[in-house]
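Contents: one structure, followed by commentary.
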Amino acid sequence: MARRLTLTGNDAAAEAMRQIDPDVVTCFPITPQTELMHKFADFVADGEVKAEMVLVESEHSAMSAAVGAASAGARVMTATSANGLALMWEIVYIAASNRLPIVMPVVNRALSGPINIHCDHSDTMGCRDTGWIQLYSENAQEVYDNVLQAIRIAENPDVLLPVMVTFDGFIISHTVEVLDALEDKEASDWVGEYKAMYTLLDTEKPATFGPLDLQDYYFEHKRQQIEGMSNATEVIKSVGKAYEKLSGRAYGMTERYMTDDADYVVVALGSTCGTAKVVVDEMRAEGKRVGLLKIRSFRPFPHAEIVAGLASAKAIGVLDRSVSFGAPGGPVHKEILAALSGTGHQTSIVNYLYGLGGRDISLDHIRSVFEELETVAGKTIAPNEVRFIGLRG
Amino acid sequence: MSERSWKEIPIGGIIEEAGNADSYETGSWRTYRPIWDAEKCIHCLACWIACPDSSILLEDGKMVGIDYAHCKGCGICAFECPDKISALEMVLETDAAAAK
Ligand code: SF4
Ligand code: SF4
């Protein structure tokens, strides 16, 4: 039985955390994530969860405490945004390298400067190579669903990697939406009990955690991480299927929205996908063959699904909400080029940079992208020919 | 050291065998080797207290030598040995090896 709720994205994440009731939650406030942990702190104060909440003095400490608790065998969560994620940086790598299945909602915000608290993807795109799985969410429903699925993905013995569930700052985090949530019992059965493979506290099976690892074995440990990330693709899909059975809501690596026969496809992630779907519906009603390919899992990157989703496209518009300074295009664009290279698929790919620092993207903007794609089909577009949406000229 | 493949080792750098630092021979890191003069030594054990690598060997409460398989050559023992006694001297590893 679904419970229909009206919640902000932050509260939706907190609601999932309440139902998961992790052993340890480490926390340091940062806009726009702050309200998420406010809400969870309420649950702790009201005795609705048993979680040990550790209030620390910085995000570096929040991730360090998370690593310590996860090494001790606890199910651990934390949350952050932008500059907070940047301050965690060193330990973000260590969490992944030590194979600790920590789950962390990251509320996307521009990584300064000049200082800005609004949404773009510079924070999480900057740490796409840290070894964390990254699931991007379109709306509050997906925030809730992704947090619940992230626990099962992270803790899968073939994966054992931390997961970031990202969602757009303010646009999702502070907007009230209607969503369906599981019953408490369903949710706690879904996540089950976590049994760590090794724990600091197991005196019967003592082990050393995070030791010095030099030329003789470090490379092997990185190879194992590559394997865990590669295994995550199948695990994300199978967890998505199981979750669909439970909730009725389907999840995969990508979502193909009317792409099967589409001539013109926009690739995007996050809340912009919701906007793009409205435009796709409008233009389909006008008889235009347009579609949206939404990337849910950016790490691992869904190469096979991308190739399949873009099979019919004559022109593709890739929307990037962060800059890869000095590179030909944005991070998403580069991945799309890489996914299609060697497949023999001849198509025109245009990179659009948009929405930095929370700059709004409208229905008209996306419509103009589709209209431009109609004119470029068949043309060769240089990878560094980036176009800007909503920038004053 | 046995060199195992990435498929054979625990993930995340976990070491399953407790106390196996013993088999990690850090003596190869040494640039200077402490040379102990048994004649001069008064067995005050200042070196034993200070050695960060537990490399001063004792028997029945007396110093009997240095564990060169683990001694990293930091020189703390020679520094701590009382000035009037100077029973420990740091010698360049290459010179010590040549003198052998
Ligand atoms: S040189 Fe350093 S490591 Fe070696 S015995 Fe002396 S104090 Fe110990
Ligand atoms: S400090 Fe010097 S005198 Fe004292 S036990 Fe060590 S070597 Fe001997």
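Each reported figure results from applying straightforward, stated rules to the coordinates on display, with no laboratory input. Not measured: the values here are computed from a predicted model. Glycine gets a Cβ as well: all are built from the backbone with ideal geometry, and neighbour counts include every protein chain shown.
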For B:L57, the residues 5 or more places away or on another chain with a placed amide H closer than 5 Å to its own amide H are B:V64, B:G65, B:I66, B:D67
Note on the stretch A:254-388: alpha-carbon gyration tensor, axes a ≥ b ≥ c; rule is a/c under 1.5 for rounded, else prolate if a/b larger than b/c, else oblate; result rounded
In whole Hz, the Karplus estimates of ³J(HN,Hα) for the stretch B:53-67 (6.51, -1.76, 1.60; θ = phi - 60°; x where Gly or Pro) are 10, 6, 9, 8, 8, 10, 9, 6, x, 10, 6, 10, x, 10, 7
Quick calc: nm separation of the 7 Å Cα→Cβ label points for A:K205 and B:D22 -> 2.3
Straight-line reach check, B:K7, cutoff 12 Å on alpha carbons, 8 or more apart in-chain or any other chain, hits among aspartates and glutamates -> A:E220, A:E227
Under the helix-only model (-39500 (n - 2.57) for each DSSP H run of 4 or more, divided by the residues of chain A), the mean residue ellipticity at 222 nm, to 500 deg cm²/dmol, is -12500 deg cm²/dmol
On the formula 1/(1 + (r/R0)^6), with r taken between the Cβ atoms of B:A38 and B:T94 and R0 of 22 Å, the FRET efficiency rounded to 0.05 is 0.40
With 0.36 nm assigned to each residue of separation and the Cα-Cα distance removed, B:L57 to B:F79 gains 6.2 nm
Taking a crude spin-label model, label points 7 Å out from Cα along the C-beta direction, the A:D46 to A:E371 distance in nm is 4.9
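Would you kindly give the portion of the calculated P(r) for chain B that falls above 19 Å, as a percent of all Cα pairs?
Taking all Cα-Cα pairs of chain B, the fraction more than 19 Å apart is 50 percent.
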Of the residues A:Q225, A:A95, A:P331, the Cα lying farthest along the dipole of chain A towards its positive end, which is defined by charges on the beta carbon of Lys, Arg, Asp and Glu, belongs to A:P331
For the stretch A:157-229, listing trypsin sites (Lys or Arg not before Pro) in a DSSP loop whose Cβ sees at most 15 other Cβ atoms within 10 Å gives A:K195
Taking placed amide H atoms and a strict 5 Å upper bound, the residues 5 or more places from A:V318 or on another chain that come that close are A:V267, A:V350, A:N351, A:Y352
One would report the antiparallel percent of DSSP beta bridges in chain A, rounded to the nearest 5, as 25
Mean per-residue count of partner chain Cβ within 10 Å for A:217-226 equals 4
With B:G65 itself left out, Lys, Arg at +1 and Asp, Glu at -1 over residues whose Cβ is under 12 Å from its Cβ give -2
Note: B:12-25 gets an average of partner chain Cβ contacts (10 Å, Cβ to Cβ) equal to 5
Summing -39500 (n - 2.57) over every DSSP H run of at least 4 in chain B, dividing by its residue total and rounding to the nearest 500, the 222 nm mean residue ellipticity is -3500 deg cm²/dmol
The local net charge around A:I361, scoring Lys/Arg +1 and Asp/Glu -1 for residues other than A:I361 whose Cβ lies under 12 Å from its Cβ, equals -2
The Kirkwood hydrodynamic radius of the protein assembly as shown, taken as the inverse of the mean 1/r over all distinct Cα pairs, in Å, comes to 25.4
The value for the stretch A:3-247 (convex hull of the alpha-carbon atoms, volume per residue, Å³) is 123
Restricting to lysines and to Cα separations under 23 Å from A:K379, and discarding same-chain partners fewer than 8 apart, the set is A:K288, A:K314, A:K334
Partner lysines whose C-alpha sits under 29 Å from that of A:K185, ignoring same-chain residues fewer than 8 away, are A:K39, A:K50, A:K195, A:K237, A:K241, A:K245
Membrane-span-like helices (DSSP H runs, Cα span along own axis at least 24 Å, mean Kyte-Doolittle at least -1.0) in chain A -> A:218-247
For the stretch A:27-111 the GluC sites (Glu not before Pro) that pass both the DSSP coil test and the at-most-11 other-Cβ-within-10 Å test are A:E57
Stretched fully, the stretch from A:R3 through A:E193 gains (0.36 nm per residue minus C-alpha distance, one decimal, in nm) 66.1 nm
For the stretch A:42-94, the Debye formula with one identical point scatterer on each Cα and no solvent gives log10 I(q)/I(0) at q = 0.14, 0.20 Å⁻¹ as -0.39, -0.74
Neighbours of A:I117 by Cβ distance under 13 Å: Lys/Arg at +1, Asp/Glu at -1, summed charge -3
Exposure proxy check on A:V376, A:V107: fewest-to-most Cβ neighbours within 10 Å is A:V376, A:V107
